[in-house]
Amino acid sequence: MSDKKVRVRFAPSPTGGLHLGGVRTVLFNYLFAKKHKGDFVLRIEDTDQNRYVDGAEQYILDCLKWCGITPDESPVVGGQYAPYRQSERKPIYRQYAEKLVAEGHAYYAFDTAEDLDKKRKEVPNFQYGLATRNGLRNSLSLPLQETEKLLHDGTPHVIRIKMPEGETVNFNDMIRGHVSFETNQVDDKVLLKADGMPTYHLAVVVDDYLMKITHAFRGEEWLPSAPVHILLWEYLGWKADMPEWAHLPLILKPDGHGKLSKRDGARLGFPVYAMNWWDAKTNELTPGFRELGFLPEAFLNLLAMLGWNDGTDQEIFSLDEMIEKFSIERISKAGAKFDFEKAKWYNAEWIKRTDAETLKLKVWDILKANNVIVKDEAYLLKVIDTIKDRCVLLTDFYQQAAYFFQQPAEYDLNAVKPKWTDAKTDFFTAFIGILSSPETFDAAELEAKFKALAEEKGLKAGDVMLPFRIMLVGGKFGPHVFDIAKLLGESETIIRIEKALEAFTA
RNA sequence: GGCCCGUUCGUCUAGGGGUUAGGACGUUAGAUUUUCAUUCUAGAAACAGGGGUUCGAUUCCCCUACGGGCUACCA
């Protein structure tokens, strides 16, 4: 690697929520930058005014924040290469496109979108390029005077790159190694649109150059247009500063074919976006990992493992650990099918490994959202510690924790009522006596007393254990029942037994 | 169709000229937990096919097949 300071960018276009693959691209960019003590730049590629969606940029910012990834330069924090929104850089691009025209590497094209649509329908496999450009309306095919007149009259036009004839574009991809393309196979891409905005092809090259980007990570879907970009770097005279390319493997649908899309999430029942995305136009909510109950640490971890590993059996990595161990050589070439089951496993692991103090606020929010009021923080911490190993998603904390804060709204009566006897009522009445005694017992002692009492009353402990749980919890779930009783406290336990007894014997 | 990229258990992957091809998720069976989950133990499960090269290929090369991407004045 050269001695230049590493600078990478994540360049999303603000057209909606951020997709899994997008976040993974951010992550790999960020890991690489931080690994090499470089800069991570966020650049907004909003050159398509038709696809621009309000709120999408803020969403991207929020998403990075949730993930704990802080850009060194961005539209909001600025930086020495500002502005970082391509729409605000519009005046920059034209001169480069004109320079390319002047030097014979690009040309003006006057064909309308309708003309070309028609052409594509008529001619199978139509491409605007070497074989066809002479028969179309552009500064290559038209007489000079006519081109000048059209330009002078302000006729709408685009600028297209003129792909050279019979050349091979070679380059080295950090992930794929040597890749080459025949220029005859690549069409004359539009560089500057009729509205004066650059297309991605021009903008990415100009901005990467101006922003001194040293390594360019992007999805594999960009590989076919790489020769256009490489030629542009060359034609603009910047070849020596061209970043190294890394085309990341795609994240694929779990079942069928193709890359993962928003639709797959809805179809298969798992999120595809990082966070909830609400589309104001369609009034449609696309669910996100965050709201479903994923920890950002788990989310990043599972994304990283989709296409990267450190060469050992380790699967759980913190962000810092990933920065330390990251290397491009260990990114796989093939696309990875997304597996939601494994994704959940990562989250469960992260919940287990995260201490109650760190989980506190998030659990608090989830309980609050479900109208469970937490008054005692120390108590909440104890509750979290006793239940976190049984939670896969943060949202599971609601079911697992609610009964610690409020009496069961209803009981699983089918599990107790059919087998209820007066002896059981008698047992629990006596057990209330034990709980009421001035002496207090820990969970194990309480269990011993409970069992001894059962025997004394001629009952099997198992016959009263489940009813006891249902009295406290409402259903057949939760941690050890005596731990629950201890956490609830003697008086609350007594209240719940009495209340439940009424329901069971009614 | 054309061009480009890819191919190890169902999935994510490790490995690499000679291995009992390893791990994880999921799955199956069992143990623990007088709930459920956790946890633990064990099991089933893979080198796409065909040619080379080689004493020996899953590993290197070629072809085929299959999968994926691109083929917009979208990114």
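One table, with the values for the structure above:
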quantity	calculated
Filtered trypsin sites (Lys or Arg not before Pro), the stretch A:441-506: DSSP coil and at most 11 other beta carbons within 10 Å	A:460, A:476
Centroid-to-centroid separation of the stretch A:6-64 and the stretch A:352-409 [C-alpha atoms, Å]	33 Å
Nonlocal amide H pairs with residue A:308, under 5 Å, H built at 1.01 Å	A:332
Charge dipole of chain A about the Cα centre (unit charges at C-beta), most positive-ward option of A:249, A:270, A:414	A:249
Whole-Hz couplings from phi, Karplus 6.51/-1.76/1.60, listed for the stretch A:160-176; x for Gly and Pro	10, 6, 9, 5, x, 8, x, 10, 10, 9, 10, 7, 10, 9, 4, 9, 9
CD proxy at 222 nm, helix term only [per DSSP H run n ≥ 4: -39500 (n - 2.57); per residue of chain A; nearest 500]	-13500 deg cm²/dmol
Overall form of chain A per C-alpha gyration tensor (a/c, 1.5; a/b vs b/c)	prolate
For the stretch A:1-106: rounded, prolate or oblate by the Cα gyration tensor [a/c cutoff 1.5]	oblate
Residue-by-residue Karplus 3J(HN,Hα) for the stretch A:96-110, coefficients 6.51, -1.76, 1.60, Hz, glycine and proline x	6, 5, 5, 4, 5, 5, 4, 8, x, 9, 8, 8, 7, 10, 9
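Readers should treat all values here as calculations from the given coordinates under stated rules, not as data from a laboratory. Owing to the predicted nature of the structure, the values given are computational and were not obtained by experimental measurement. Using ideal geometry, Cβ is built from the backbone for each residue, glycine included, and neighbour counts are taken over all protein chains shown.
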